[in-house]
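Quick notes on the structure that follows.
The values are calculated or read from the model by the stated rules, or taken from the named source; none is laboratory data. None of the values given here were measured: they were computed from a predicted structure. Here the Cβ positions follow ideal geometry from the backbone for every residue, glycine too, while neighbour counts run over all protein chains shown. What goes into the accessible areas is simple: the full protein's heavy atoms, side chains included, and nothing from ligands, DNA or RNA. Shrake-Rupley method; radii C 1.70, N 1.55, O 1.52, S 1.80 Å.
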Amino acid sequence: MSYQPASNRYDDMVYKRCGNSGLLLPFVSLGLWHNFGDEAPYDVAEKMILRAFDLGITHFDLANNYGPPPGTAETNFGKIFHQHLQAHRDEMIISSKAGYLMWDGPYGEWGSRKYLISSLNQSLKRMNLEYVDIFYSHRPDPHTPLEETMGALDSIVRSGKALYIGLSNYNSAQTRRAVQILNDLGTPCLIHQPRYSMFDRWTEEDGLHTELEKQGVGCIPFSPLAQGLLTNKYLNGIPADSRAADKNNQFLSEDQVTQEKVDKVIKLNKIAEARGQTMAQLAICWIHRQPSVASVIIGASKVSQIEDIVAAQSHLSLSDDEVREIDLILK
């Protein structure tokens, strides 16, 4: 039986404006960093993508190196898109990025014009798309002039291969200069994708949120749950099927699940329970307290995780007292 999206998919989803642009994004977007490559079950990835769309999630975030292996998340997404979602392309925001190592040799990473344009061409071929909605410089390149990297992004938009461009992992000073160059070129920066969570607040210390508000650029944080630490998963030890228990996982190890962090999550979870929420839902709401945030990128390994996060939209706002209480716990 062919897939038919839910007719009520837009009824309840909260959509927020991205910076000063005309683009609205769902308050959560689905990231395909893990669990969508060839090493993950294809049928589960398919179910997650289609369920996300049924729930009103219109934005699907990829990068050239997502998998694993690198590239396979884009390939699998392309298969799922063309089998089930192609008729709804104009309802979707599809993004990709380039910046990290993707292929051998001197042109396979960083921010040169050669790499960025070649990488996007490969991504479009893997997904069998004519364009992406957003294309990012995935990280700043200390050796390539920023003018070259931003000039490549400008050229990509003018070529029709991307509608908007964005930055990822740039600090506030780098962002300020990049936005200035892009404005001079006539292709404004739409969005910035930094790592940000209750346990990783470098963007606040750096002043990035203030800079993004000043420049009219939207913010879409990734790793909002600190690789699962900011959920109920580790409150009673490390489950055998968790990311921390996976010896091959390079993003969260057992020694990072410290008692200090667990104690904080236990206290935070009490606030979540008082709000009628899960810990993960509270963590997403806390990020949305930043005026610059348009959406938050979540990862998932099962449909129920997506459904849980989407349910947070019914109680997004935090009171001043709740924010103060959370700050005291985190400090």
Inter-part distance where the range 3-35 and the range 272-331 are each reduced to a Cα centre, Å: 16
Cα Rg, Dmax (largest Cα-Cα span) when computed across the range 68-150, Å: 13.7, 42
Most mobile listed residue (Gln313, Gln83, Gln227) in the chain, GNM with C-alpha springs under 10 Å: Gln83
All Cα pairs of the range 152-202, percent lying beyond 18 Å: 36
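Would you calculate the convex hull of the Cα atoms in the chain and tell me its volume per residue in Å³? Could the numbers behind the result be given before it?
Details: hull volume 45.4 nm³, N = 331.
Measuring per residue, one finds 137 Å³ for the Cα hull of the chain.
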Net charge of Cβ neighbours under 12 Å - reference Ile329; Lys, Arg +1; Asp, Glu -1: +1
Rounded to the nearest 20 debye, dipole of the chain from Cβ charges on Lys, Arg, Asp, Glu: 280
Long-range HN-HN contacts of Tyr136 with modeled amide H, under 5 Å: Ser96, Lys97, Ala98, Gly166
Karplus-derived 3J(HN,Hα), 6.51/-1.76/1.60, for each residue of the range 193-208, Hz, glycine and proline x: 10, x, 7, 7, 7, 4, 9, 9, 10, 4, 5, 6, 5, 7, x, 5
Centroid-to-centroid separation of the range 72-89 and the range 134-211 [C-alpha atoms, Å]: 27
Those lysines that a straight Cα-Cα span of less than 23 Å connects to Lys97, excepting residues fewer than 8 apart in one chain: Lys16, Lys79, Lys114, Lys125, Lys161
Surface per residue (accessible, 1.4 Å probe) for the chain, Å²: 44
Net charge over other residues, Cβ less than 12 angstrom from the Cβ of Gln122 (K, R count +1; D, E count -1): +2
Helix 259-274 axis, angle to the chain major axis (alpha carbon atoms, nearest 10°): 80
Ranking by accessible area, most exposed first, for Arg126, Arg113, Arg324 with a 1.4 Å probe: Arg324, Arg113, Arg126
Radius, Kirkwood style, for the range 173-218 when every pair of distinct Cα atoms is counted (Å): 11.2
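Quick one: with all protein chains in place, what share of the accessible area of the chain is carbon or sulfur, to the nearest percent (1.4 Å probe)?
On the way: 7030 of 14560 Å².
Carbon and sulfur: 48 percent of the exposed surface of the chain.
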In Å², nearest 10: area of Cys189 left accessible to a 1.4 Å probe: 10
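Under Stokes-Einstein, with the Kirkwood radius over Cα pairs standing in for Rh, what whole-number D in µm²/s applies to the range 114-227 at 10 °C and 1.306 mPa s? Each step should come with its number before you reach the end.
Details: Rh = 14.6 Å.
Rounded to a whole number, D works out at 109 µm²/s.
Please compute, over every Cα-Cα pair in the range 1-100, the percentage with a separation greater than 20 angstrom. Don't jump to the answer; show the numbers that get you there.
Numbers: 1873 of 4950 pairs.
Tail fraction, whole percent: 38.
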For Ala98, net neighbour charge (Lys/Arg +1, Asp/Glu -1) across residues whose Cβ lies under 13 Å away: +3
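Please give the calculated 222 nm ellipticity per residue for the chain, where each DSSP H segment of at least 4 residues contributes -39500 (n - 2.57) and the sum is spread over every residue; nearest 500 deg cm²/dmol?
Numbers: 11 runs with 121 residues, N = 331.
Helices in the chain give a 222 nm mean residue ellipticity of -11000 deg cm²/dmol.
Can you tell me, using C-alpha contacts under 8 Å and at least 6 residues apart, the relative contact order of the chain as a whole percent? Spell out each step's value before the answer.
Working: 610 pairs, mean separation 59.2, N = 331.
Across the chain, relative contact order equals 18 percent.
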